[in-house]
Ligand SMILES: [Zn+2]
Ligand SMILES: [Zn+2]
């Protein structure tokens, strides 16, 4: 996108020292040592300190493990309830949001009331209007087409539970990866995605913040074409939500390679939110960073200072009208031309 504003931001390595050094937690044992994840286990630390850092870094993989165990072995009455995914998703978000209190990554990303209210608004919007639109305009027609064309994927019903979950994660993420990449490559779609890049700090619920058109587009998937048990789908949705929430959260967990090679982390995604537009052209996968690694769009690094267009924070109204700004500007220009003509 050549049209993007030129930014004078320092390289992301320097950004870290600008914001990251101000952490003022009362517990010095848990102070974060960015930007290199290996520092979390750094030489010179006491054994207790290193153990705490290891445990903190294991929080995201442990969360995913608990989610898998719940959906695989939880009480049937809970698992089969259609509202269980809403409750599980909400509890996961509350858990990660609460971690920001105890394991803050950057003081500059600390949540205030305005940020919290905005984030909450978008979480509710995503779980109501966006979810409804996605179901009525995309999922239901796709299911109807599948039915009328006689498409069946009985083989998917025969897979082991964990492979069914992996299949859902891959189908969802592969679609989202390409949608996200197109949004960065094609201006009409970028105009819908740019508001998400205008956020100036990262927090647990920030993944839900964006223009409603973008939120709808990114929700589209071909998953409805597959026959799969509800528990496997809900497990995958819960994992994707947890990984994405951690990837946006102000939490100083830097998960070990067995997790970060496959799943997107805050390091990967904060780099994607860099001020410098060229630095955002990487790490597109919302949750499955493995796709970026395979398709050559992975980049190592992280950024503590985030936000497009010289870090201009947008209000909810500005986020809503953002894609229409060129049209509004064109109409205003036309009106400006019309006024002298009328005289
Ligand atoms: Zn993006
Ligand atoms: Zn994001």
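Data overview
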quantity: Ellipticity estimate at 222 nm from DSSP helix runs (n ≥ 4, -39,500 (n - 2.57)) divided over the chain, nearest 500; calculated: -17000 deg cm²/dmol
quantity: Compactness of segment 158-206 as Cα Rg over 2.2 N^0.38 Å, two decimals; calculated: 1.58
quantity: Per-peptide average of other Cβ atoms within 10 Å, ordering 153-164, 88-99, 274-285 highest first; calculated: 274-285, 88-99, 153-164
quantity: Ratio of the Cα radius of gyration of segment 58-330 to 2.2 N^0.38 Å, where N counts its residues; calculated: 0.99
quantity: From the C-alpha gyration tensor of segment 130-191, square roots of 5λ in Å; calculated: 27, 18, 10
quantity: Gyration tensor (alpha-carbon) shape descriptor, segment 103-158, a/c threshold 1.5; calculated: oblate
quantity: Relative packing of peptides 213-223, 138-148 - highest average C-beta neighbours within 10 Å first; calculated: 213-223, 138-148
quantity: Sequence-separation-based contact order of the chain, relative, with Cα cut under 8 Å and 6+ spacing, percent; calculated: 26 percent
quantity: Sorted peptide list for 73-82, 112-121, 176-185, criterion being average Cβ within 10 angstrom, highest first; calculated: 176-185, 112-121, 73-82
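Any read-out appearing in this document is the output of simple, stated calculations on the displayed coordinates, not a laboratory observation. No experiment lies behind these values; they were computed from the predicted model shown. A quick note on method: Cβ atoms are made from the backbone with ideal geometry, for glycine too, and the neighbour counts reach across all protein chains shown.
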